[in-house]
Structure formats: structure tokens, C-alpha cells
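Engineer: Before we start, here is the structure in question, set down as C-alpha cells.
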Amino acid sequence: MARLTSAMLVSALVRRADQQGGSAMVLAKGDETSGGILLVTYHKGTNPRFFERGLGPQGVPALIPSGPQDIANEGAVSDYWQRRRGFDCDLWVIELDIADAERFAAETMNLS
């Protein structure tokens with residue numbers, strides 16, 4: 001079965017967020033074909049959380065919580081994703097601000 005490229009998944013996420021009244025911004029571009037995707041999710045600019053595309057407990061693609069979950073300030077958000085990019089220059093970093101961002105991203109990337 002053909003797999004969508006990381007660039008295609010990111011493009012779909014950005015377009016769909018815009019269509020649904022949210023916002024999505026590419027903070028860092030990764031490998032277009034198979035780069036990992038790290039999401040920084042918000043709801044109305046608050047409660048930042050990290051998720052990334054990976055394998056879930058049953059061995060199927062899923063969104064996995066990643067990074068610090070209780071973030072005190074915006075600087076910690078930037079520090080975390082920039083540190084991750086330092087270890088993996090192929091990593092895409094996407095900021096997503098929309099209601100129920102985790103579900104939205106999973107549906108858009110066909111991970112639910």
C-alpha cells in the first residue's frame with residue numbers, strides 16, 4: 001500500500017486547519033519523503049502539548065504524546081522543539097492551534 005509523504009501530510013494538515021477556522025504553521029521543514037512530524041498543539045493559544053507520528057501500543061501508526069506536557073512558558077516550547085531538531089534535521093515541526101487538536105491531527109493524517 002502506498003504511503004503519503006511527510007510533505008503531503010503536513011500540507012493536508014495546514015490546508016485543513018485553515019478550512020476549519022484554526023491555524024497551522026510550519027516551524028521547521030524536514031525530509032519531504034519520510035521525515036518525522038512533531039506537532040506543537042494549542043487551543044486558542046494556550047495549553048501547549050507535543051505529539052508525534054509514531055507506532056502506538058498495537059503497532060499501528062498513531063499520535064504519541066511527546067516532550068514536556070506541563071509547560072510553564074513559551075520559551076520552553078521553542079527550546080524543546082529546537083533541541084529535537086538539533087538531533088534530527090529531517091524532523092518537521094508544526095504548530096497547530098485548533099479545537100481538539102490531537103483528534104484533528106490524527107484524523108487528518110489518517111492515524112485514528
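The values are calculated or read from the model by the stated rules, or taken from the named source; none is laboratory data. Quantities reported herein were computed from a predicted structural model and do not represent experimental measurements. Note that we place each Cβ from the backbone using ideal geometry, even for glycine, and neighbour counts take in every protein chain shown. The protein model used for the area step is the full one, side chains on, heavy atoms only, and it has no ligands, DNA or RNA in it. Shrake-Rupley method; radii C 1.70, N 1.55, O 1.52, S 1.80 Å.
Engineer: Can you list the HN-Hα couplings for the stretch 50-55, worked out from phi with the Karplus curve (6.51, -1.76, 1.60; θ = phi - 60°), rounded to whole Hz and with x for Gly and Pro?
Structural biologist: Coupling constants for the stretch 50-55: 10, 9, 9, 6, x, 9 Hz.
Engineer: If you keep only loop residues by DSSP, which GluC sites (Glu not before Pro) in the stretch 4-79 have at most 14 other Cβ atoms within 10 Å of their Cβ? Could you put the intermediate results ahead of the total?
Structural biologist: Working: sites: Glu32, Glu52, Glu74; in loops: Glu32.
Passing both the DSSP loop test and the Cβ count: Glu32.
Engineer: Considering only DSSP beta bridges with both partners in the chain, what is the antiparallel share in %, to the nearest 5? All intermediate terms of the calculation are to be shown ahead of the outcome.
Structural biologist: Details: 16 of 22 bridges.
Bridges in the chain that DSSP calls antiparallel: roughly 75 percent.
Engineer: What does a probe at Thr33 reach in the stretch 98-112, counting residues whose amide N is under 11 Å from the point 7 Å along Cα→Cβ?
Structural biologist: Backbone N within reach: none found.
Engineer: Give me the Kirkwood hydrodynamic radius of the chain in Å, from all C-alpha pairs, to one decimal place? Display every interim value, and only then the final one.
Structural biologist: Details: mean 1/r = 0.0713 Å⁻¹.
Result for the chain, one decimal place: 14.0 Å.
Engineer: While we're looking at this one, here's another question. Is it possible to state the helix-based mean residue ellipticity at 222 nm for the chain, with each DSSP H run of 4+ residues giving -39500 (n - 2.57), the sum divided by total residues, to the nearest 500 deg cm²/dmol? What is it?
Structural biologist: Working: 3 runs with 36 residues, N = 112.
Here the helix-only value at 222 nm equals -10000 deg cm²/dmol.
Engineer: Suppose every Lys and Arg Cβ carries +1 and every Asp and Glu Cβ carries -1, with no other charges. What dipole size does the stretch 1-45 come out with about its Cα centre, to the nearest 20 debye?
Structural biologist: Once rounded to the nearest 20, the dipole reads 140 debye.
Engineer: May I ask you to give the percent of accessible area on the chain that is carbon plus sulfur, with a probe radius of 1.4 Å? Spell out each step's value before the answer.
Structural biologist: Working: 3300 of 6460 Å².
Taking all protein chains in place, the chain shows 51 percent carbon and sulfur surface.
Engineer: Give, in nm to one decimal, the length gained when the segment between His43 and Ser23 is fully stretched (0.36 nm per residue of separation minus the Cα-Cα distance).
Structural biologist: Values: separation 20, 0.36 × 20 = 7.20 nm, distance 1.01 nm.
Stretched out fully, the His43 to Ser23 stretch lengthens by 6.2 nm.
Engineer: If you count only protein heavy atoms with a 1.4 Å probe, what accessible area per residue comes out for the chain, rounded to a whole Å²?
Structural biologist: Roughly 58 Å² per residue, with all protein chains present.
Engineer: Starting at the first residue of the stretch 79-92, write each ³J(HN,Hα) from the Karplus equation 6.51 cos²θ - 1.76 cosθ + 1.60 with θ = phi - 60°, in whole Hz, x for Gly and Pro.
Structural biologist: Residue by residue, the stretch 79-92 yields 4, 5, 5, 5, 5, 4, 5, x, 8, 9, 6, 8, 6, 7 Hz.
Engineer: Compute the length gained on full extension between Leu55 and Leu4: take 0.36 nm times their separation in residues and subtract their Cα-Cα distance, giving the result in nm to one decimal.
Structural biologist: Working: separation 51, 0.36 × 51 = 18.36 nm, distance 1.58 nm.
That works out to 16.8 nm of additional length.
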